[in-house]
Amino acid sequence: PLLGRHNALNALLALAVARRLGLSDDQISAGFAKVQPADGRLQLLTAGTWRIINDAYNANPTSMLAALDTFDTIAPKAPRRVAILADMLELGAAAASLHQQLGQRLAKSTVNLLIAIGPLMKSAADAAAQSSTLDIRHFATTPEARAAIPHLLLPHDAILLKGSHSMNLESILVALQKDHANSPA
């Protein structure tokens, strides 16, 4: 029940260990069926017609790329794919370069709209803009983005939320859920 190729690889390792310990395939299958994603870790959610991947618990370059790969594979049929990405913090002197590399990857992704949040994610947005026609919106802070995002989204958008925990993307998720709960059916 977990999203992502990296989780599939982890499951294969768990399967090998379980078999080595003598568990039957039925026992292993029952165990896998009970697995739930941790809050904010590649959770597939819905808010009205929006399909949301909430991976906003934290971010680093590896997890950001894994989230984008997962998003590219599970949302290809969505009319529009929106990545709401916030700064990856605590990266030290390499932060700007790592965000620029992310932007280069975004330029090759299936994302249609990038909502970049924070000064570091501006570097990613600028790098993506150099080699793609991706629609890009940048906001300096999460509250600024939170206020604008409902006006940028369309019905049936697939949305990826990803950024460092201290960027508070959870507040955007709450706002999206509340916006759909209060909208007329």
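The values are calculated or read from the model by the stated rules, or taken from the named source; none is laboratory data. This structure is a prediction, so every number in the text was calculated from the model and none was measured. Backbone-built Cβ (ideal geometry, glycine too); neighbour counts: all protein chains shown. Areas reflect the complete protein model, heavy atoms only, side chains present, ligands, DNA and RNA absent. Shrake-Rupley method; radii C 1.70, N 1.55, O 1.52, S 1.80 Å.
Quick notes
- Carbon + sulfur, % of accessible area of the stretch 1-65 - ligands and nucleic acids excluded, 1.4 Å: 57 percent
- Beta bridges per DSSP with both ends in the chain, % antiparallel, nearest 5: 20 percent
- Kirkwood Rh, angstrom, the stretch 3-48 [1 / mean 1/r, Cα pairs]: 12.1 Å
- Against the set (1) 1.10; (2) 1.03; (3) 0.96, the structure's computed Cα Rg over 2.2 N^0.38 Å falls on (1).
- Residues of the stretch 101-115 with amide N under 19 Å of the 7 Å Cα→Cβ point at Q130: 101-109, 114
- Residue ranges 127-134, 56-63, 115-122 sort as 115-122, 56-63, 127-134 when ordered by packing (mean number of other C-beta atoms within 10 Å per residue, highest first).
- Rounded to the nearest 20, the Cβ-based charge dipole of the chain about its Cα centre (Lys and Arg +1, Asp and Glu -1) stands at 280 debye.
- About its Cα centre, the stretch 46-153 has a charge dipole of approximately 340 debye under the convention of +1 per Lys or Arg Cβ and -1 per Asp or Glu Cβ, with nothing else charged.
- Judged by the mean number of other Cβ atoms found within 10 Å, the most tightly packed of the peptides 154-167, 91-104 leads the ranking 154-167, 91-104.
- Take the Cα of Q36, step 7 Å toward its Cβ, do the same at N60, and the gap between the two points is 2.7 nm.
- Out-of-range pairs (alpha-carbon distance over 26 Å; input K34/K108; K122/K162; K108/K162): K34/K108
- Using a Förster distance of 45 Å, the FRET efficiency for D26-R80 (Cβ separation, nearest 0.05): 0.60
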